[in-house]
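Worksheet: one structure, shown below.
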């Protein structure tokens, strides 16, 4: 069976320019990271531009006017044309602010996305009301105002109500097309409004849950789709996760059955998972190892081990891993944790109290919650690191401790690990009794070769919520890329 999709870890601007051909994608959906909860005035506060460039981190979606943003601004302005004029106008209006940084970083990416769209293709840009009007002007400059098709309002009922203003309960999705001859399949939705004209009595059905009458009508540009609540089965714990129903409507409307969906900010992978379920091919790009790890787990949980897709950009050798550790220690940590299926102890680098990651599990369903505490070391390691982790294990009452290192453990490190003793599993009366070293040392080389933690089977793995299992048959398709071996090695993606 041909690969259904391609997942890229890296800067989407670089990936788009290196890997995505002209007019090769039917549908683009993007939900760029934007700190919608930040104070409005902070977003427009001018910055001195002296801050060091930093990658956008998961759980900390902010854009800052720094040297990287200034360089992006200059690149777009120097290219000329309407996009250049739009950015210069934004600078006159906004000054060197965080909002200008956001628009400057988005502009070249939107230019590349337009290039990737097929003539009949469409792009759905998901944004919140803080930035939607600026993005609308930027999209007009790139795609052309005459190719603006819809401003879709996604209405949801979450959170509390405000007594100081109208409660903010919607996002905006801007829909543009590549040409005036676009592909579109109308979608229907339930309507509970009683129409005096245009419907017969037989057109109405009864909702078994509410008892209300409804009819199926063509969807308008205001969509009332529930957000991903804490009790929904599809919730994965990712803060910006979008409901599958939202992406289902978009993909079924604007991507033909044999088409390709591209999400350049794929996050936890809702657009990817829905594309897979609907038998569309897909391309996903994200800058964080946390996102790519979550997407891989989500696809396997939902579709089984037989799901086939390529992953490009992640380290595949110790040399790759060493480069990532130098380029971005935080992403190296997330990547290493992903190799053993663990999650970070904190959202981003901060007060982790000696723990970089955790892996939570049950020996039986509903049994005691047990844990593996993990420390990741990219530099020189010694016996004190093992002693420190043993102390963390005692404090956290963890069953197993794991030290992941780039270097081979020394003999004193192995002796200290052995002194931690053995964890005996099977005390809850399930399976067979097992003996597992309480303190374990694994190198990046061993993990890349397939070594994993010596621990009981994860019959009740709690580390990441599992995506619901989906049964479906995928038709045979041509591969997305003629030769993925032509993809640049890891070092080039981050050069």
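The values are calculated or read from the model by the stated rules, or taken from the named source; none is laboratory data. All figures in this text were calculated on a predicted structure; none of them were measured in a lab. Here the Cβ is made from the backbone with ideal geometry for all residues, glycine too, and neighbour counts use every protein chain on show.
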For region 377-415, name all the residues that are assigned to a helix (DSSP H, G or I), closer than 30 Å to residue 367 by Cβ and out of contact with any strand residue (DSSP E or B) (no Cβ under 7 Å at 6 or more places or on another chain). 388, 391, 394, 395
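Table: residues versus (1) modelled with pLDDT under 90; (2) buried (at least 20 other Cβ atoms within 10 Å of the Cβ); (3) assigned to a helix (DSSP H, G or I).
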| residue | (1), (2), (3) |
| --- | --- |
| 235 | yes, no, no |
| 242 | no, yes, no |
| 282 | no, yes, no |
| 296 | yes, no, yes |
| 306 | yes, no, no |
| 311 | yes, no, no |
Between residues in region 295-307 that are assigned by TED's automatic domain parsing to the domain that holds residue 267 and residues that are part of a helix (DSSP H, G or I) and surrounded by fewer than 21 Cβ atoms within 10 Å (Cβ to Cβ), which pairs lie under 7 Å by C-beta distance while being six or more apart or on different chains? 307/300
Where residue 420 falls short, out of the listed (1) assigned to a strand (DSSP E or B); (2) modelled with pLDDT of 95 or more: (1)
Output the residue which, of all residues in region 190-233 that are modelled with pLDDT of 80 or more and surrounded by 15 or more Cβ atoms within 10 Å (Cβ to Cβ), is nearest to residue 302 (Cα to Cα). 228
Restricting attention to region 147-182, report how many residues are surrounded by fewer than 18 Cβ atoms within 10 Å (Cβ to Cβ) and in contact with a helix residue (DSSP H, G or I) (Cβ under 9 Å, 6 or more places away or on another chain). 4
Among (1) under 20 Å from residue 113 (Cα atoms); (2) touching a strand residue (DSSP E or B) at 6+ places or on another chain (Cβ under 6 Å); (3) not in a helix (DSSP H, G or I), the one test that residue 223 misses: (1)
